[in-house]
Amino acid sequence: MQARAEEIGTRGLMITGGVVVVLSLIFILMDGPGLFWKRFLDGLGNGFVYGAVALALVLIYKATGIINFAQGSLAMFFTFIAWVLSNEQSWPVWLAIVTAMAASALSAAAIERVLIRPFDPSNHLPITIITIALLSVIDGLALYIWFADPKGFPSPFPSTKGDVVTIFGARVFYAQIGIWSTVLITTVLLSLLLNRTRVGLAFRAVSSNIESSRLVGVHVGRTLQFGWALAAAIGTLAGCLFLSSGTTQLQPLFMSQILVFAFASATIGGLDSLVGAVVGGLLVGQLQTMIGGYVKFIGSDLVLATTLVLIILVLLVRPNGLFGSKRVERV
Amino acid sequence: MPYTVRQGTSQHKGLVAAASAVGLLVLLALPYITLPGEKWFGNPTGQILNWQRTLAFAVAILGLNLLIGFSGQISIGHSAFVGLGAYSTVLMTNNSVPFYLALPLAMLLCFAVGCIVGLPALRIKGLYLVVVTFALGIVFPTLIEKYESFTGGSNGLKGKSSLVPKAPFDSMFDPRDRVDPLRYRYYVLLIVAAIMFLTARNMVRSRAGRGLVALRDNATAATINGVPVPIYKVLAFGISAAYCGAAGWMLMARDAQPFASQGSFLVDLGITLIIGLVMGGVATIGGAIPGAIIVVIVRYLLEQLTTKKTLLGVDMNWLATRQGKGGVVSIAFGALLVMFVFVLPGGVMDGLRRLRMRFVRIIPQPSWLKDVGGTPPAAVAAAEADQVMANPLG
């Protein structure tokens, strides 16, 4: 039994806003506004990707109440599929990505039906362990098929050296803008899907209370399956987008770091809040570049460690994340 | 018709003693038994090294089971504690701390760090904690890399070979022999593991152990019944971390020259521990042994399998020469884990128990059964059910 807190996230927003404004002022005073603006834009690209993967994690969490450890591996596998389609079958990149997304959605639906549904959704341990097993299988499969050497991923956006636009003095690649807008559009579409359609309503009902939604005639299994499919597709999109910026190459473990940052984003945002996932992703993305840029003794090596500390700090102040809803238990 | 004994009778005690004696004999004889087929099990030295590894993994899995099985908190980052134990052992012994003193010190360090990491458990519930542990497992190798001057970074950290315990009696373990020093270290590890297992067994059966199981099954009800939930949660975390630290020490005590490398303590290790835990048996003490055997010995066999050119006359060259053949082991283990969760959620221990019940049935005689007077079948059934600490996977 859960009850949603009355003012969702308003306090979270205020706290986050306050901290962000104070930190930004300090940073601007340190190196001047120009550099700050540049770093801000740099962090935006990664932030949106983290936000997208966090969205996928939150979808699964809302549906099944577990954390899907195989999320990153699934996304990695189908990013490889997109790579195969575009590189070896020479499909247009966009078509390859969309096809891979569809394929990942279908596979996730199948996985949900075969491996997840047999278990009681309220018993989290077996389902979590199944996702860990999936992680092992999918990573092994990718290693077996495509080996460990990195591969270049074709960008769906114009990405030659000249494809740059200058925003207030900072140079931004088109690919970056492409990533931002794709994630933003996905988020808007997702919220429309969840808030304006029947299946979205069913999904929200199931994530709020399985028993009651079953009583009012929602097909719980199929709705959860829908959630898994949606999450897998978003994860795959995020994987492809991350590689489109060209800074990382495709290899079987490329998602694992993203997954940690996405976990961090989802946790900071509150595991059951979609808005929180995106905001958390943006925060973590900024944190990554700002810490690397401003806090020299930490540098870029310890960003992960700093993120871990940040997660713990946020959770200590707000145990359900910045935007998460409080769960009230009835005995 | 299975042979039936009552718990506590002399027959039952005899059976238990006989089974324990056989188990003990096997454990003691292991380093002197060379399994036939060097192609599969490795040469005699390799075999003993694998058994030593199994002991270390058994302790780590046991520690993780105290956390996952008995307190119901999932951690996939316990690789960090094994690594911490290993690295601190090498660092301490290199700074002239005696090797045996390094064990309690490493455990203490891991306990402290484990408690700090588990501290958020006071406020963070369930899955949020899983995320923290996952991040911890990922962060640990980056920390090792960052503080390179201290830890050797990606080159690994070498210990001094002179620091590894030498056998005090040359007559039994010839120091010039190729295998004898290994055998001696195996027995050292065996004793450490035995102490850890006995301690864990007693802890689980204590008031605190029952409290842990209560809070796992229903935290609210446990609180109402006076279980100090936050303290127990943090302690469970710390103790399991200490066990993993001991496993790290054991891994270092294995080789003639201890070598801690960052690559052996990645999150993969944490996942391997969970795999062993589930396959051995969630919320069992003995399950750590079959679990460790699976993740060490069976894994070794699988790796051997991928290098064979022919298998039972079938041409396997296509696999042996493939670049990504390492993936096959992950696939097999993942698939095996899924199978266990579906078919045998109680793990090997549960399988063994069911097997035993076909031949020997033990009728439990808890103290409360005497008060019932006689042994009505319903009471016996209840007592039998009571014997097994319910498996949270089942």
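Brief remarks follow.
- A single member of A:Ala110, A:Ala133, A:Ala142 is part of a helix (DSSP H, G or I) and more than 9 Å from chain B (Cβ to nearest Cβ), and it is A:Ala110.
- Remark: B:Gly63 falls outside the filter, which requires a residue to be under 23 Å from B:Ser206 (Cβ atoms), in contact with a Leu (Cβ under 9 Å, 6 or more places away or on another chain) and modelled with pLDDT under 95.
- Qualifying residue in the stretch B:205-224 (condition: touching an Asp or Glu at 6+ places or on another chain (Cβ under 8 Å) and among the polar types (S, T, N, Q)): yes
- Tabulated pairs, the stretch B:327-343, first within 7 Å of chain A (Cβ to nearest Cβ) and closer than 13 Å to B:Val298 by Cβ, second crowded, with 21+ Cβ neighbours inside 10 Å and among the small types (Gly, Ala, Ser), C-beta under 6 angstrom, 6+ apart or interchain: B:Phe333/A:Ser136; B:Leu337/A:Ala133
- Unmet requirement for A:Val284, which otherwise passes all of (1) touching a residue at least 60 places away in the same chain (Cβ under 8 Å); (2) over 23 Å from A:Asp31 (Cβ atoms); (3) β-branched (Val, Ile, Thr): (2)
- Selection of first residues in the stretch B:46-62 that are without any contact (Cβ under 8 Å) to a residue 24 or more places away in the chain and of second residues that are in a helix (DSSP H, G or I), restricted to Cβ pairs under 9 Å at least 6 apart or on distinct chains, gives the following pairs, ordered by first then second residue: B:Gly46/B:Glu38; B:Gly46/B:Tyr300; B:Gln47/B:Leu30; B:Gln47/B:Pro31; B:Gln47/B:Glu38; B:Gln47/B:Phe41.
- Filter pass, A:Ile234 being more than 14 Å from chain B (Cβ to nearest Cβ) and surrounded by 24 or more Cβ atoms within 10 Å (Cβ to Cβ): yes
- Candidates are the residues of the stretch B:108-136 that are closer than 22 Å to B:Ser264 by Cβ and at the interface with chain A (Cβ under 9 Å from one of its Cβ atoms); the one that is modelled with the highest pLDDT is B:Leu136.
- In the stretch A:311-326, residue modelled with the lowest pLDDT [restricted to those that are more than 7 Å from every other protein chain (Cβ to nearest Cβ) and crowded, with 16+ Cβ neighbours inside 10 Å]: A:Ser325
- Unmet requirement for B:Thr9, which otherwise passes all of (1) at pLDDT below 90; (2) under 15 Å from the mean Cα position of the chain (by Cα): (2)
- Close Cβ contacts (under 7 Å, 6 or more residues apart or on different chains) running from residues in the stretch A:185-205 that are in contact (Cβ under 8 Å) with a residue 60 or more places away in the chain to residues that are among the β-branched types (Val, Ile, Thr) comprise A:Thr186/A:Ile234; A:Thr187/A:Val278; A:Phe203/A:Thr223.
- Of all the residues in the stretch A:281-310, those that are over 16 Å from A:Gly47 (Cβ atoms), within 11 Å of another protein chain (Cβ to nearest Cβ) and part of a helix (DSSP H, G or I) number 3.
- The residue list B:Ala112, B:Ala80 contains one member that is buried (at least 22 other Cβ atoms within 10 Å of the Cβ) and not aromatic (Phe, Trp, Tyr), which is B:Ala80.
- Screening the stretch B:156-186 for residues that are surrounded by fewer than 17 Cβ atoms within 10 Å (Cβ to Cβ) and touching a residue at least 60 places away in the same chain (Cβ under 8 Å) and picking the one that is farthest from B:Ala242 (Cα to Cα) gives B:Arg178.
- Filtered by the rule that a residue be within 13 Å of chain B (Cβ to nearest Cβ) and of a type in the set (Phe, Trp, Tyr), the stretch A:56-98 gives A:Tyr61, A:Phe69, A:Phe77, A:Phe80.
- The listed residue being of a type outside the set (A, V, I, L, M, F, W, C), buried (at least 19 other Cβ atoms within 10 Å of the Cβ) and farther than 21 Å from A:Leu106 by Cα, out of A:Gly178, A:Gly239, A:Gly162, A:Gly217: A:Gly178
- Taking the stretch B:273-320 as the region of interest, the helices (runs of 4 or more DSSP H) fully inside it that hold 2 or more residues being farther than 27 Å from B:Ile68 by Cα, away from chain A (no Cβ under 14 Å) and not basic (Lys, Arg) are B:299-305.
The values are calculated or read from the model by the stated rules, or taken from the named source; none is laboratory data. All figures in this text were calculated on a predicted structure; none of them were measured in a lab. Methodologically, a virtual Cβ is constructed for each residue, glycine included, from the backbone with ideal geometry; neighbour enumeration extends over all protein chains shown.
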